[in-house]
Amino acid sequence: VVAIPSRWIRAVAGELRDHMEPGVPIVSLVKGLEAGTNKRMTEVLAEEVPGRPVGALSGPNLAREVAAGIHSASVLAFQDISTARELHGLFNTARFRVYVNHDVVGVEAGGALKNVIAIATGMSDGAGGGDNTRAAIITRGLAEVTRVGVAMGAESQTFAGLAGVGDLVATCTSTQSRNHFVGEALGRGRTLEDVLGEMSQVAEGVGTAPVVLEIAAEHSVPVPICSAINAVVSGKKSTREALGSISSHEAGHELEPG
C-alpha cells in the first residue's frame, strides 16, 4: 500500500523497486495527479515498479474517522477485477466496507479531481455562501469531474459511486477536509502562502488544479469551476473574482458540456 503526497510518489516508488518481490500487487491510496506528466498515481507506480499489478483504493475516507472505527466505505479498483477480489478481504471489515471495481481510471480521477472542487466549496463557505451555493458547486463540480474523467478514459457510472460523488460530498462538506480548509481560509481573505505555511499536511487540490486544466484543454472539456480555482492558486485572480466567475458562468442545458 502506498500512501504519500503525490509529488513524492515517483521518487519513493523508485526506491521501493528493489525491495519488492515480483508480482506483488501495489495499492495506491494517493489522490492526486503528477505535475509535468499529468499521469495518475497508478501509472507512475507502474512505470517505477514494473512487473506488478497496480490498483487504487479510494472513496469518502476521512482519515480520522477511519482510524476511529467509524463506519466508512471505499472502492478497490484493479483493471483485472480478479485481483481486486483476491485482495478484497485484506481491507474489508464490518466498519470499513470495500467494494470492487475494474475502472481504475475513474476511481483515481474521482479521488484527484474532487479536491479542486472542495477548494471551491470552501471558498464559497468562507466568503459567506449558503447551503444552496455549496450544493450547486458540488453538483456542477461533479459534472466537471465526470467530463474530465471520461475524457481520461473512465466510465461515467463510476462517478455516481463512492469514489465519485461519495468522496466529493465528504471532501466538500467536512471540517476535516484539508482542501475545504484551504478554500475556506481563502474565502475569509487569507493568502494561499499563509494558509499552506501553517499546514502540516498536504492539500492535493492546490497542485492538482493546473494539471486538470491541462487535461481539460487537451480534450476540449469545459471546466469553469476548476479554471476559477486554478486562477486563484496561480495568483491570477482574487477569491472574490474567482467566485464571481463561477456564479456568472453561462447556465445552459444542464446535461450538456458548458
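The values are calculated or read from the model by the stated rules, or taken from the named source; none is laboratory data. Keep in mind that what you see is a predicted model, and the values were worked out from it rather than measured. Quick reminder, even Gly has a Cβ in these numbers, built from the backbone with ideal geometry, and neighbours come from all protein chains shown. Only protein heavy atoms, including side chains, enter the accessible area calculation; ligands, DNA and RNA are left aside. Shrake-Rupley method; radii C 1.70, N 1.55, O 1.52, S 1.80 Å.
Overview of values
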{"read-out": "Only listed residue being in contact with a strand residue (DSSP E or B) (Cβ under 6 Å, 6 or more places away or on another chain) and either under 23 Å from V98 (Cα atoms) or open to solvent by 30 Å² or more (accessible area, probe 1.4 Å) (or both), chosen from A163, A217", "value": "A163"}
{"read-out": "Filter result for the condition that a residue is among the hydrophobic types (A, V, I, L, M, F, W, C) and more than 20 Å from S177 (Cα to Cα), over V104, V165, V145", "value": "V104"}
{"read-out": "Scope the range 174-202; condition open to solvent by 10 Å² or more (accessible area, probe 1.4 Å) and part of a loop (DSSP other than H, G, I, E, B); matching residues", "value": "S174, T175, Q176, R188, G189, R190, T191, E198, M199, S200, Q201, V202"}
{"read-out": "Total residues in the range 44-88, condition surrounded by 17 or more Cβ atoms within 10 Å (Cβ to Cβ), without any contact (Cβ under 8 Å) to a residue 24 or more places away in the chain and of a type outside the set (A, V, I, L, M)", "value": "0"}
{"read-out": "Strands (runs of 3 or more DSSP E) wholly inside the range 1-90 that include at least 3 residues being over 14 Å from the mean Cα position of the chain (by Cα) and within 25 Å of A170 (Cβ to Cβ)", "value": "72-77"}
{"read-out": "So P5, is it modelled with pLDDT of 95 or more and either basic (K, R) or surrounded by 13 or more Cβ atoms within 10 Å (Cβ to Cβ) (or both)", "value": "no"}
{"read-out": "Those residues of the range 99-111 which are open to solvent by 10 Å² or more (accessible area, probe 1.4 Å) and among the hydrophobic types (A, V, I, L, M, F, W, C), in sequence order", "value": "V100, V104, V105"}
